[in-house]
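The next block holds one structure in the form of structure tokens; read it before the comments.
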Amino acid sequence: MRLVGLTGGIASGKSTVSNLFKNTSVPVVDADVVAQKGTGGWKKIVKAFGDEILLDNGEIDRARLGQIVFSDPSKRQLLNRLLAPHISSGIFWEIAKLWMKGCKVIALDIPLLFETKMDRWTNPVIVVWVNPETQIERLMSRDGCSEEQAQNRINAQLALDWKKSEADIVIDNSGSLDDTKQQFQEVLI
Ligand SMILES: CC(C)(COP(=O)(O)OP(=O)(O)OC[C@H]1O[C@@H](n2cnc3c(N)ncnc32)[C@H](O)[C@@H]1O)[C@@H](O)C(=O)NCCC(=O)NCCS
Ligand SMILES: Nc1ncnc2c1ncn2[C@@H]1O[C@H](COP(=O)(O)OP(=O)(O)OP(=O)(O)O)[C@@H](O)[C@H]1O
């Protein structure tokens, strides 16, 4: 079985590329399964950050939690510590289910692939790169945040240029969507 790592920097276009996998035979597992209401990750987050980070329906208010952790490195480290085991075991079970269905190639869409050292499991690693000006512009426009907030989020991760230097395959998403789709097609060959 081959595990393909898909990563990048915040707003570099990882989800955009992840969506392109949906039209292929390669299933994608993402790292976003943990914070749903009632799960182990959810319980730990509520215990550590209090009820005030919950929406009326009991789900985590991700925008609120994001504001807290991206403006305070110690809170971000706390969240990372709490969630790390849930993220890796969630991913593991998703892989196991797909493996039992006979999937031979699975893509893992993991924003913090290098930071969490999960790149050890994956080969090749695809890094979705974008130039710094476009990254900050797209981040501010997508999340409606200030330049300072956007920069805090970018600084919370390893440098995207370093990730690019560690990649087996780089998709440059600084241009148009068509340009990115074209690069993706070349990766599939
Ligand atoms: C901080 C949270 C609440 C923000 O939620 P929100 O819906 O606004 O953003 P989303 O989850 O789509 O993440 C957007 C991007 O933020 C970046 N990011 C998310 N968590 C972190 C983190 N702990 N450290 C650095 N960057 C992060 C990633 O680039 C990610 O792609 C959420 O990302 C979260 O619970 N993060 C902790 C879990 C985690 O570490 N996820 C990444 C696993 S590899
Ligand atoms: N080639 C492109 N041209 C124009 N806009 C783009 C392009 N690629 C992505 N975008 C836009 O940039 C923003 C970030 O893209 P996307 O959500 O795919 O990034 P991401 O890396 O998954 O982000 P995050 O890690 O923060 O979830 C989105 O609003 C998306 O619509």
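With respect to ASP109, is the statement that it is modelled with pLDDT of 95 or more and either within 16 Å of ligand 2 (Cβ to nearest atom) or out of contact with any helix residue (DSSP H, G or I) (no Cβ under 7 Å at 6 or more places or on another chain) (or both) true?
Spelling it out, ASP109 is indeed modelled with pLDDT of 95 or more and either within 16 Å of ligand 2 (Cβ to nearest atom) or out of contact with any helix residue (DSSP H, G or I) (no Cβ under 7 Å at 6 or more places or on another chain) (or both).
Among the residues of segment 1-55 satisfying the criterion of being more than 12 Å from ligand 1 (Cβ to nearest atom) and of a type in the set (Asp, Glu), which is surrounded by the most Cβ atoms within 10 Å (Cβ to Cβ)?
My answer is GLU52.
Being open to solvent by 60 Å² or more (accessible area, probe 1.4 Å), hydrophobic (A, V, I, L, M, F, W, C) and either within 16 Å of ligand 2 (Cβ to nearest atom) or farther than 21 Å from GLY41 by Cα (or both) is the filter here, so list the residues in segment 88-106 that pass it.
Selection gives TRP99, MET100.
Can you tell me which residues in segment 1-28 are among the β-branched types (Val, Ile, Thr) and in a loop (DSSP other than H, G, I, E, B)?
Passing the criteria: ILE10, THR24, VAL26.
For segment 130-155, which residues satisfy the criterion of being open to solvent by less than 30 Å² (accessible area, probe 1.4 Å), modelled with pLDDT of 95 or more and not in a helix (DSSP H, G or I)?
VAL130 - this is the single residue of segment 130-155 that is open to solvent by less than 30 Å² (accessible area, probe 1.4 Å), modelled with pLDDT of 95 or more and not in a helix (DSSP H, G or I).
Just checking: which of the helices (runs of 4 or more DSSP H) contained wholly in segment 29-108 hold 3 or more residues that are over 19 Å from the mean Cα position of the chain (by Cα) and farther than 30 Å from ILE169 by Cα?
Ranges flagged: 40-49.
Considering only residues of segment 109-162 that are closer than 21 Å to THR180 by Cα and among the aromatic types (Phe, Trp, Tyr), which is farthest from the chain's Cα centre (by Cα)?
TRP162
Which numbered condition trips up ARG62, out of (1) within 12 Å of ligand 1 (Cβ to nearest atom); (2) more than 25 Å from ARG142 (Cβ to Cβ); (3) exposed (fewer than 13 other Cβ atoms within 10 Å of the Cβ)?
Only one criterion is unmet by ARG62, namely (2).
With the requirement that a residue be outside any helix (DSSP H, G or I) and either in contact (Cβ under 8 Å) with a residue 60 or more places away in the chain or buried (at least 16 other Cβ atoms within 10 Å of the Cβ) (or both), what does segment 170-189 give you?
Residues satisfying the conditions are VAL170, ILE171, ASP172, ASN173, SER174.
The values are calculated or read from the model by the stated rules, or taken from the named source; none is laboratory data. What you see is a predicted model; the values in this text were computed from it and never measured. All Cβ positions, even for glycine, are placed from backbone atoms using ideal geometry, and neighbour counts span all protein chains on display. All accessible areas refer to the heavy atoms of the entire protein, side chains included, with ligands and DNA or RNA removed. Shrake-Rupley method; radii C 1.70, N 1.55, O 1.52, S 1.80 Å.
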